[in-house]
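Structure, as structure tokens:
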Amino acid sequence: MSITPKPEKSFKSIVAHFRSDGTVVTTRTSMEGKVLKETENYRVVGSTLILSKPEYVENTKFTIKGNKLTIDYGNGNVVMKRVS
């Protein structure tokens, strides 16, 4: 739904699918129609969402209200809407 601050590169869509196996697959479709997929591991500890790949670990605070997930990175946030 929104990304603050706005990313340098615009996308037609960004879809994140949190799977029950502890991975999240993010599919970004560029304005030109190119599709980019990225898979990260995730886990939840209390109100902290931990995203990781071999080259990094990122801890973020999150809240869920109704069908909206808000991820707070400290210097910005992402608001996502559940679609299925």
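For the reader, a short list of remarks on this structure follows.
- Among the residues listed as Ser2, Ser10, Ser20, the single one being modelled with pLDDT under 95 and over 20 Å from Asn75 (Cβ atoms): Ser20
- A count restricted to segment 31-84 and to residues that are closer than 23 Å to Lys12 by Cβ, surrounded by 12 or more Cβ atoms within 10 Å (Cβ to Cβ), within 11 Å of the chain's Cα centre (by Cα) and charged (D, E, K, R) stands at 1.
- Scan segment 42-60 for residues that are more than 19 Å from Val25 (Cα to Cα) and not polar (S, T, N, Q) and the total you get is 2.
For (1) of a type in the set (Gly, Ala, Ser); (2) under 16 Å from Val79 (Cα atoms), each residue gets a yes or a no:
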position: Val15; (1), (2): no, yes
position: Ser30; (1), (2): yes, no
position: Thr39; (1), (2): no, no
position: Val45; (1), (2): no, no
position: Glu55; (1), (2): no, no
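- A Cβ distance below 6 Å, combined with a sequence gap of six or more or placement on separate chains, defines the contacts here; from segment 5-19, residues that are open to solvent by less than 80 Å² (accessible area, probe 1.4 Å) reach residues that are hydrophobic (A, V, I, L, M, F, W, C) in the pairs Ser10/Met31; Ala16/Val24; Phe18/Val24.
The values are calculated or read from the model by the stated rules, or taken from the named source; none is laboratory data. Just so you know, these numbers come straight off a predicted model, no measurement behind them. Here the Cβ is made from the backbone with ideal geometry for all residues, glycine too, and neighbour counts use every protein chain on show. Calculation scope for accessible area: heavy atoms of the full protein, side chains included, ligands and nucleic acids excluded. Shrake-Rupley method; radii C 1.70, N 1.55, O 1.52, S 1.80 Å.
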